[in-house]
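Right, one structure below, let's go through it.
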Amino acid sequence: MPHIDLPEAPGIRALFQFRGETAKPLVELAEVLLRAPSSLSRGERELIAAYVSSRNQCRYCTGSHSAYAAAQLLGGAALVTAVKTDLATAEVSPKLRALLTIAGQVQTSGRAVTPEAIAAAKHAGATDIELHDTILIAAAFCMYNRYVDGLATVPLADDAGYTAMAPRILEHGYVGIPLGTRP
């Protein structure tokens, strides 16, 4: 049960409907991080969000971003599950594995990011922009996860609900999510 009186919507959507003025910049940030032009695919960026969210045990964000990643990656849900279960054996490129490793370090602490992890990512072909964006996605999702769980929002009952949301996000992005008008 949520800690405050929220609209009847799952996860962060309830928070966005509760207070639109704070939701707007959060939605815009997600849009830029996960959908703007990038050398990392939208699916790869969603996978970073899902991976960090799973490490933070945020059910809503893990479910939603896992579904959005699965809908955009070859390998779909099986690949997303493999990454969340055992990154070391998941069938991803060396560059993506290195970036996900860094995202996991950020999830622990920004200061946990090691020079060795950065060097490994660069050796695997990661650019400075990709390193920047990976770290920012990971940091932002730590914030989103804590926001969602800190107010005890209600996740969807099962993964089918998240999968059903994926086509709308893929087509319209995050800026189309309804926002509240309460000051």
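Please treat every number below as a calculation from the coordinates, not as lab data. Since the structure is predicted, the reported quantities are computational estimates derived from the model, not experimental observations. Please note: Cβ atoms are built from the backbone with ideal geometry, for glycine as well, and neighbour counts cover all protein chains shown.
Values for this structure:
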item	result
Along each principal axis, Cα extent of region 1-63, largest first, Å	41, 26, 14
Over the chain, equivalent-ellipsoid semi-axes from the Cα gyration tensor in Å	27, 17, 15
Under 26 Å from the Cα of residue 122 - lysines, other chains or at least 8 residues apart	84, 95
Sparse-neighbourhood loop sites, GluC sites (Glu not before Pro) in region 1-109 - DSSP loop, at most 14 other Cβ within 10 angstrom	8, 91
Value at 222 nm in deg cm²/dmol, rounded to 500, when DSSP H runs of n ≥ 4 in the chain each add -39,500 (n - 2.57)	-21000 deg cm²/dmol
Residue order, fewest to most beta carbons within 10 Å, for 133, 5, 86	5, 86, 133
Isolated Cys residues of the chain, judged by Cβ distance under 4.7 Å to other cysteines	142
